[in-house]
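Since every read-out is calculated from the coordinates, none of them should be taken as a lab result. Values in this document were obtained by computation on a predicted structure and should not be read as measured data. Counting neighbours? That spans all protein chains shown, and the Cβs are built from the backbone with ideal geometry, glycine included.
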Amino acid sequence: MAGKKVVRYRRKPKAAAIIFGIVLVYIVCFIVIYVSKAKVQTYEVEVGSLMNNASFTAVALRQEEVYNSSYSGDINYYQREGTRVMTGDTVYTVDETGRVSDILAQYTSGDGNALSDENLTVIKNTLTNYKTEYADSGFSAVYDLKSDLNATVLQSINENIMANLDSIVASTGSQDLFKTAKSDKPGIVVYSVDGYEGVTEETIGSVDFKKKSYDKQSLKSEKLITASDPAYKLITSENWTLMFPITQSDIDKYSLSSKDTLSIKFTKDNITGTFPFKIVNDGKNSYGEITLSKYMIRYATERFLDIEIIVSGKSGIKVPVSAVTENEFYKIPKEYLITNGEKGDYGFLVEQSDSDGKLNQVFKAVDIYKSNDEAVYIKKTELAAGTGIIRMDSSDRFVVGPVEKLRGVYCVNTGYTVFKLVEVIDGNNEYYILKQSLSHGVSIYDRIILDADKYSENEMIY
């Protein structure tokens, strides 16, 4: 026994260890794939509608009267543009002699002519509004700001001068320091003319909508005025009109012919409202006419206004445009479709070879994804390309092969992609509105893939 050698044999791995190793490798691989795989973006389907707003540029027509100056000389405005004046309010003065500036400099140097709290509040609000609305593209607003501030100061000075006119005349020996122009009726004062003051709903034409050729003359920038030159404009009514050109396509698309009111949004500041509307025609062109009785003072200085017609779109299933893709389906003439008398399944009589190579006609049930009066559509996995289909009670034969692309989305409720059909009834650049209760279609609360073009059917994503 002592001379015998002891040989050790390696133990064979136990089955449990092998299984554990396989599972461990699988888990590691799964984690690596999961971490490295791009995160799938999904969207929960909901019911909604679209706001298909239509944009137009409208011309504002108002009751406007232009007032010409009766004097020549230095002109100073006493009312801020776009404010309401009453009958008898001083709008501007004209210095015919050139002496007023010197007299005002002497008179206004005292402490008694400081701006009132009301005037200071107006100046503060003017500066605040300018800061809020300023844009580099509208640098001309700087000149409007200057004119508004100047008008506020002049109005304060004018009030003090008028209140103490006798003492000023006595101390300076000057009569008729300047010519004063007062408003003869109430209205909104505007310091510009553009030739549209006489245009009405009956006389407007296509040439009036050419914004590029529009010429607006600012009166506030003039220091000197000549007798008979325009001095200011007065808007005498709160009622005004917006006119904009429309085509027959616009009328049909937005159902304008059936509307007597229209909801619009002013693009400049997002003010919205619903107003009386009608379509007018001058024999050559059609125009939309919106009648307003408010907001006139808000846009009193503007002739062209960008507006949007607020149009409520159709309601249905709402999905992002990026979620819709296309898949190929076999297209088969509908007359080849039959039903199984026993179960009522839909299908076709297909040619099938037996073990002896003999062709037999066999009923093959299929899932019809879509049908119309001419054809039915089935998945390409249902039948092989080249399969012969026999028409019932006829010798007509159709070979499976022609395809057509159908639109749909990938539903991922089960963790892998399932193609579901869609029928778009409305849409814009961001969303589609889909028909509800569509066979093999998407349903509310389904989770669908956002970037559908990056995936294919039956692809596992979780």
Pull out the extension gain between Asp345 and Asn429, defined as 0.36 nm times the separation in residues minus the alpha carbon to alpha carbon distance; nm, one decimal.
26.2 nm
What FRET efficiency comes out for Cys29 versus Glu328 if R0 is 35 angstrom and r is the Cβ-Cβ distance? Round to the nearest 0.05.
0.60
Once amide H atoms are built 1.01 Å from N in the peptide plane, which residues 5 or more positions from Leu219, or in another chain, come under 5 Å H to H?
Ser192, Val193
Per-residue ³J(HN,Hα) for region 48-59, Karplus 6.51 cos²θ - 1.76 cosθ + 1.60, θ = phi - 60°, Hz, x for Gly and Pro:
x, 8, 10, 9, 8, 5, 10, 9, 9, 10, 10, 9
Here region 263-280 yields Karplus 3J(HN,Hα) values (6.51, -1.76, 1.60; θ = phi - 60°; whole Hz; Gly and Pro given as x) of 8, 10, 10, 7, 4, 4, 9, 6, 6, 10, x, 10, 9, x, 9, 7, 9, 10
So what J values fall out for region 388-397 if you push phi through Karplus, 6.51 cos²θ - 1.76 cosθ + 1.60 with θ = phi - 60°, rounded to Hz, Gly and Pro as x?
x, 10, 9, 7, 4, 6, 7, 9, 5, 10
Cα-based count: Lys pairs in region 319-454 below 13 Å, eight or more positions apart or different chains?
14
Taking 0.36 nm per residue of sequence separation and subtracting the Cα-Cα distance, how much length would be gained by fully extending the chain between Asp184 and Val280, in nm to one decimal?
31.1 nm
Among Thr387, Thr226, what is the fewest-to-most ranking by other Cβ atoms within 10 Å?
Thr226, Thr387
Inter-part gap, Cα centre of region 405-445 to Cα centre of region 258-326, in whole angstrom, is 31
Sequence neighbours fewer than 8 away in the same chain don't count; with that in mind, list the aspartates and glutamates whose C-alpha is under 16 Å from Lys314.
Glu46, Asp252, Glu423, Asp426, Glu430
Additional length obtainable on full extension of the chain from Arg298 to Ser312, 0.36 nm per residue less Cα span:
2.4 nm
Give me the dipole magnitude in Debye, nearest 20, for region 319-454 about the Cα centre, with unit charges on the beta carbon: positive for Lys and Arg, negative for Asp and Glu.
180
Amide H neighbours of Asn53 under 5 Å, at least 5 residues apart or on other chains, H built in the peptide plane: list them.
Val311
Straight-line reach from Lys294: which lysines have a Cα under 23 Å away, not including same-chain ones fewer than 8 places off?
Lys185, Lys233, Lys259, Lys265, Lys268, Lys278
